[in-house]
Ligand SMILES: C[S@@+](CC[C@H](N)C(=O)[O-])C[C@H]1O[C@@H](n2cnc3c(N)ncnc32)[C@H](O)[C@@H]1O
């Protein structure tokens, strides 16, 4: 079992409010712009939570397969998007994505990678499910030193080095790899003491060769 899973089951009902305090919808806009999403295409949202990325994709006319390990998060998402015909919600993790090879046009993972046990394996999995010409976009935290995020929010990794993320993308066989700034930050206050994290958010993208 993923140790973070119990945490996300507990916070699922409040996640949308928590998320709005951590980071803004501008992160989603940036990810969608980098991918250049087009209506009618198929996207996977990995570690979808209650459907933050999914919502943006549905609003742009895409079909979405949302992958999420926490049952409570999936239940919240199912309630929120009960009317959505272009959404399929599946139980799964980034390290073993329940989607066949080469079957989606885009893969998104927003704030998921720092919860994953083996990030390079997750990137390989995300690349595996992309069709030739498909685009992977990962938005996540730059390297930081806020240890309280491990304890209070069950983060496994204190962000990532952008060069290392670019290398994982290339090792997964992706090309046109870019890692840049979203211009946005993730903010969180420690419940004990006065630590206040403000961490910049990167956007990494790469295309599967045709
Ligand atoms: C910080 S939340 C982000 C949720 C959503 N992407 C968003 O932007 O609001 C991280 C999500 O990743 C999920 N998660 C944790 N471990 C995971 C894993 N190994 N593979 C995929 N998702 C995972 C959690 O259950 C949680 O829903």
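Throughout, read-outs are computed from the coordinates displayed, never taken from laboratory work. Keep in mind that this is a model prediction, so the values were computed, not measured. Note: ideal-geometry Cβ built from the backbone for every residue, glycine included; neighbour counts use all protein chains shown.
Before rounding to the nearest 500, sum -39500 (n - 2.57) across all DSSP H runs of length at least 4 in the chain and divide by the residue total; then give [θ] at 222 nm in deg cm²/dmol. Before the final figure, lay out the partial values.
Details: 8 runs with 71 residues, N = 210.
Helix contribution divided over all residues of the chain: -9500 deg cm²/dmol.
Rg to Rh for the chain: what is it, with Cα atoms only and Rh by Kirkwood?
Values: Rg = 15.8 Å, Rh = 16.9 Å.
Rg/Rh: 0.93.
Taking 25 Å as R0, compute the FRET efficiency from the Cβ-Cβ separation of residue 85 and residue 33 and round it to 0.05. All intermediate terms of the calculation are to be shown ahead of the outcome.
On the way: r = 25 Å, r/R0 = 1.01.
The computed FRET efficiency comes out at 0.50.
Report the residue, chosen from 95, 83, 152, that carries the largest GNM mean-square fluctuation when the chain is represented by alpha-carbon nodes joined by springs under 10 Å.
For the chain, modelled as a Gaussian network with Cα springs under 10 Å, the answer is 83.
Please compute the modelled spin-label separation between residue 75 and residue 16, points set 7 Å along Cα→Cβ, answer in nm with one decimal.
Using points 7 Å along Cα→Cβ, the separation is 1.6 nm.
Under the definition of Cα pairs under 8 Å and six or more residues apart, what whole-number percent is the relative contact order of the chain? Kindly include the intermediate steps, with their values, before the conclusion.
Details: 443 pairs, mean separation 41.6, N = 210.
It rounds to 20 percent for the chain.
Let's test the formula: R0 of 22 Å, r as the Cβ-Cβ distance of residue 103 and residue 170. What FRET efficiency results, to the nearest 0.05?
On the way: r = 22 Å, r/R0 = 1.02.
It comes out at approximately 0.50.
What's the FRET efficiency of residue 189 with residue 131 using the Cβ-Cβ distance as r and R₀ = 45 Å, to the nearest 0.05?
Calculated value: 0.60.
Could you put 41, 74 in order, starting from the residue whose Cβ has the fewest other Cβ atoms within 10 Å?
Numbers: 41 18, 74 22.
Sorted ascending by nearby Cβ count, the order is 41, 74.
Among the DSSP beta bridges whose two residues both lie in the chain, what percent are antiparallel, rounded to the nearest 5? Mind showing how you got there, number by number?
Working: 18 of 38 bridges.
Counting only bridges with both partners in the chain, antiparallel ones make up about 45 percent.
Could you put 16, 101, 155, 176 in order, starting from the residue whose Cβ has the fewest other Cβ atoms within 10 Å?
Result, fewest neighbours first: 101, 176, 16, 155.
Return 18, 53, 73, 126 ranked ascending by Cβ neighbour count within 10 Å, so the fewest neighbours appear first.
Values: 18 11, 53 28, 73 24, 126 31.
Fewest-to-most ranking of 18, 53, 73, 126: 18, 73, 53, 126.
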